[in-house]
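Coordinate-derived values only; no laboratory data. Worth saying up front: this structure is predicted, and the values here are computed from it rather than measured. Methodologically, a virtual Cβ is constructed for each residue, glycine included, from the backbone with ideal geometry; neighbour enumeration extends over all protein chains shown.
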Amino acid sequence: MEKAERSRVLVVEDEEAYVDALTVGLSREGFDVSVARTGAEALSGFDECDPDVVLLDLMLPSVSGLDVCRELRSRSTVPIIMVTAKSAEVDTVVGLEVGADDYVTKPYRIRELVARIRALLRREDIIRAEAGRSTPVADTGSDTPVDEAIVVGDVSLDVAKHEVVIRGEEVSLPLKEFELLHYLMANAGRVLTRDALIDRVWGHDYVGDTKTLDVHIKRLRGKVEQEPSKPGVIVTIRGLGYKFERQR
Ligand code: CA
């Protein structure tokens with residue numbers, strides 16, 4: 001199926017005031033907007049809608065936003081921005097843990113939301129462009145090697161195929177996890193600061209907090225580490241950031 005030029009946002013939201021404001025605001029910013037008013041509707045219409053990004057309210061009737069997020073993640077790597085209430089901090093962490101790429105809290109400004117959406121789409125464009133390259137590039141600078149595959153220890157990551165294999169098993173990673181792992185592995189053995197990781201993966205204009213990074217690291221550890229509670233691959237460098245260990 002041909003993708004339209006405009007990016008499509010699937011808005012999963014049951015509050016009419018938000019639906020109206022988002023439909024008008026996002027259309028004005030050049031997005032196509034589809035609306036699902038329940039979790040069930042979001043899941044059943046997802047394939048046909050084929051969105052470029054999903055804006056998912058957590059507080060939905062019947063099927064919860066968390067369950068929708070979990071289910072979408074099992075089917076797709078589509079970028080997901082979760083919407084939570086300011087009072088429900090814990091939901092944010094849980095939402096990130098089940099696979100969201102970013103979050104905003106209500107009430108939010110359309111301008112802030114659009115910046116987040118653009119940041120996610122921009123990163124996805126870069127991934128697609130890298131994946132489209134058929135031959136390895138000899139020298140692209142130290143921070144973005146576009147090699148066929150990076151192998152460190154028992155983890156192998158292939159940018160061209162958007163594939164990750166851990167201890168012989170292919171693992172499907174959501175967009176931000178993939179980018180984070182890519183950046184860490186491309187710099188294996190080096191300490192990467194938290195700021196550098198956030199800039200690189202979420203963009204210079206990222207206005208969220210560092211919780212997003214920490215939860216993504218936790219999710220990656222859950223997949224990469226033999227013992228996620230005692231990480232020996234993605235290690236914390238206290239006061240600085242993280243390092244992907246070069247393994248023998
Ligand atoms: Ca709601």
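Could you work out Rg/(2.2 N^0.38 Å) for the chain, with Rg from alpha carbons only?
My calculation over the Cα atoms of the chain gives 1.01.
Among Ser172, Ser74, Ser44, determine the one that fluctuates most according to a GNM of the chain built with springs between C-alpha atoms less than 10 Å apart.
Comparing Ser172, Ser74, Ser44 in a Gaussian network model of the chain, the most mobile one is Ser44.
Taking a ≥ b ≥ c as the square roots of the eigenvalues of the Cα gyration tensor of the stretch 1-88, is the shape rounded (a/c under 1.5), prolate (a/b larger than b/c) or oblate?
Since a/c reaches 1.5 but b/c is at least a/b, the shape of the stretch 1-88 is classed as oblate.
To test your reading of the geometry: what angle, between 0 and 90 degrees and rounded to tens, separates the Cα axis of helix 65-75 from the longest principal axis of the chain?
50 degrees
Spin-label point model (7 Å from Cα, Cβ direction): what's the Leu240 to Thr210 distance in nm?
In this crude spin-label approximation the distance works out to 1.4 nm.
So what is the calculated 222 nm ellipticity per residue for the chain, using -39500 (n - 2.57) for each DSSP H run with n of 4 or more, over all residues, to the nearest 500 deg cm²/dmol?
Value at 222 nm, helices only, nearest 500: -13000 deg cm²/dmol.
Report the residue, chosen from Leu56, Leu66, Leu192, that carries the largest GNM mean-square fluctuation when the chain is represented by alpha-carbon nodes joined by springs under 10 Å.
Maximum among the listed residues: Leu192.
Could you calculate the contour length gain from Asp32 to Asp158, that is, 0.36 nm times the residue separation minus the distance between their Cα atoms, to one decimal place in nm?
Details: separation 126, 0.36 × 126 = 45.36 nm, distance 3.16 nm.
This chain segment gains 42.2 nm when fully extended.
Evaluate the distance, in nm, between pseudo-label points positioned 7 Å from the Cα of Val94 and of Gln226 along their respective Cα→Cβ axes.
For Val94 paired with Gln226, the spin-label model returns 3.4 nm.
If I fit a long axis through the Cα atoms of helix 16-28 and take the longest principal axis of the Cα atoms of the chain, what angle between them do I get, 0 to 90°, rounded to 10?
So the inclination is approximately 60 degrees.
What percent does the relative contact order of the stretch 8-79 come to when contacts are Cα pairs within less than 8 Å and at least six residues apart?
37 percent.
Could you work out how far helix 175-186 tilts from the main Cα principal axis of the chain, as a 0 to 90 degree angle to the nearest 10?
20 degrees
To the nearest 0.05, how large is the calculated FRET efficiency for Glu16 and Asp199 if R₀ is 35 Å and r is the Cβ-Cβ distance?
0.40
How large is the dipole of the stretch 140-244 about the Cα centre if only Lys and Arg carry +1 and Asp and Glu carry -1, each at its Cβ, rounded to the nearest 20 debye?
So the magnitude is around 480 debye.
Relative to the Cα centre, what is the charge dipole magnitude of the chain, using +1 at the beta carbon of each Lys and Arg, -1 at the beta carbon of each Asp and Glu, and rounding to the nearest 20 debye?
880 debye
Could you point to the residue in Thr84, Leu60, Ile198 farthest towards the positive end of the chain's charge dipole, with +1 and -1 charges on the Cβ of Lys/Arg and Asp/Glu respectively?
Ile198
Going by how many other beta carbons lie within 10 Å of each one, how would you line up Ser34, Ser27, fewest first?
Going from sparsest to densest Cβ surroundings: Ser27, Ser34.
If the only charges are +1 at each Lys and Arg Cβ and -1 at each Asp and Glu Cβ, what is the size of the charge dipole of the stretch 1-101 around the Cα centre, to the nearest 20 debye?
Its charge dipole is roughly 160 debye.
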